[in-house]
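Trainee: Encoded as structure tokens, here's the structure I'll be asking about.
The values are calculated or read from the model by the stated rules, or taken from the named source; none is laboratory data. These numbers come from a predicted model, not from an experiment. Here the Cβ is made from the backbone with ideal geometry for all residues, glycine too, and neighbour counts use every protein chain on show. Note: accessible area is taken over every heavy atom of the protein model, side chains too, but ligands, DNA and RNA are not part of it. Shrake-Rupley method; radii C 1.70, N 1.55, O 1.52, S 1.80 Å.
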Amino acid sequence: MAETILQTRAKVYVTRTVPQRGLDILLQGCNVSMWNSEERVPRGELLHSVSGVDGILCMRSDQIDREVLDAAGPSLRAVATMSTMTDHIDVKECNRRDIRVLASPNQSTVGLADLTLALILLAWKTSNEAPYLDNCNLQNGTVSTVCLKNLCNKTFGIYGLTILGHSVAQRLKELGVTNIIAADYLYNKLTCSSDIEIVSWKELITRSDVLCICVQHDNNPPEVFSKEVFQQMKNTAIIVDCQNGNAMSYADLYEALRGGDIAAAGINDCNQEPVPFRYPLAGLHNCVFLPQTDERLYDQRHKLSMTVATSLKNALYAQDQNKEVC
């Protein structure tokens, strides 16, 4: 029979408001303190609040570096992020201190590629360039391949030939698209199949009729898609932000869409953090989001928070399998 030992509940600090279902899971076994705001926790507040905690649940915009780990002290055993990426966490230092690092599970790149195609159609439908799409079935992001084939003569640009970038390119090729170009700030190091043309950054933004941002990491300069870039793009172009990353200046995107520098935009809003400038962007006729309903977005974020919270709670009590939390 397992011995029952009274123990102190683990202390967890959450750097942002998270959906209640995830919070409820943490509260089952932990004492939780939280920065109760949708805005990023101030650095000083973060350093003060993590003192003595066993776990941290953070967001992608929070830098969990050596300074934060020092502030938390030797009690810290796990850092969980609501992001699929861990480049905002000093993983090497965490490993040295035997601190577990937990990330949100990756969404299927095939699913993201299909979502990107839906965003392309939804965004194109809002532009003046697509009168022939009026009768397409776009309800809930479902698109007709017949509709997509109407775009086959366009030039599709891909920023970042990541796994997602290759998946998007493959789906486009399956639909008969022949003009696919790709680049990022490391464009000269990219490798791809012979039917994707590697071009310079300048060519990517000036030639693309549809430009898909497929970077899955922060290993690139932030907000490279800014006012100056939008002004160099075709005024009939559409841009699709596949993962709501740091490559886009959403304030500049808003001005570009309002001012006619580009025709339309599609944004994946399935991630853990709200899209900056979302409400002004949502008020524009030529900017679309997926999921398209608050209910579906609510459901996505609750499921994600529950997954990450469960992983964090399990990690904190992994060494206490024979102990009962009181």
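Trainee: Would you kindly identify the helices (runs of 4 or more DSSP H) lying entirely within region 1-103 that contain at least 2 residues that are aromatic (F, W, Y) and touching a residue at least 60 places away in the same chain (Cβ under 8 Å)?
Mentor: Working: elements: 20-27, 43-49, 66-72, 91-96.
In region 1-103, there are no helices (runs of 4 or more DSSP H) which contain 2 or more residues that are aromatic (F, W, Y) and touching a residue at least 60 places away in the same chain (Cβ under 8 Å).
Trainee: Quick check: is even one residue across region 110-128 touching a residue at least 12 places away in the same chain (Cβ under 8 Å), among the aliphatic types (A, V, I, L, M) and farther than 23 Å from L211 by Cβ?
Mentor: Within region 110-128, the subset touching a residue at least 12 places away in the same chain (Cβ under 8 Å) is 110, 112-128.
Within this subset, residues satisfying the condition of being among the aliphatic types (A, V, I, L, M) are 110, 112-113, 115, 117-123.
Imposing the further condition that a residue be farther than 23 Å from L211 by Cβ reduces the set to none.
Checking region 110-128: not a single residue is touching a residue at least 12 places away in the same chain (Cβ under 8 Å), among the aliphatic types (A, V, I, L, M) and farther than 23 Å from L211 by Cβ.
Yes/no matrix, rows are residues, columns are (1) open to solvent by 20 Å² or more (accessible area, probe 1.4 Å); (2) among the acidic types (D, E); (3) under 16 Å from L312 (Cβ atoms):
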| position | (1), (2), (3) |
| --- | --- |
| K92 | yes, no, no |
| P105 | yes, no, yes |
| L115 | yes, no, no |
| I120 | no, no, no |
| W124 | no, no, no |
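Trainee: Tally time: how many residues in region 223-256 are open to solvent by 10 Å² or more (accessible area, probe 1.4 Å), β-branched (V, I, T) and within 15 Å of A282 (Cα to Cα)?
Mentor: Adding up the residues that qualify gives 0.
Trainee: Inside region 37-49, can you point out the residues that are at pLDDT 90 or above and surrounded by fewer than 19 Cβ atoms within 10 Å (Cβ to Cβ)?
Mentor: Of the residues in region 37-49, the ones at pLDDT 90 or above are 41-49.
Across region 37-49, the qualifying residues are P42, R43, G44, E45, L47, H48.
Trainee: Being under 25 Å from L112 (Cα atoms), modelled with pLDDT of 90 or more and open to solvent by 50 Å² or more (accessible area, probe 1.4 Å): is that true of G259 here?
Mentor: Details: under 25 Å from L112 (Cα atoms): no; modelled with pLDDT of 90 or more: yes; open to solvent by 50 Å² or more (accessible area, probe 1.4 Å): yes.
The answer is no for G259.
Trainee: May I ask you to say which residue of D87, D24, D62, D54 is over 25 Å from V215 (Cβ atoms), at pLDDT below 95 and of a type in the set (D, E, K, R)?
Mentor: On the way: D87 fails: over 25 Å from V215 (Cβ atoms); D62 fails: over 25 Å from V215 (Cβ atoms); D54 fails: at pLDDT below 95.
Only one candidate qualifies: D24.
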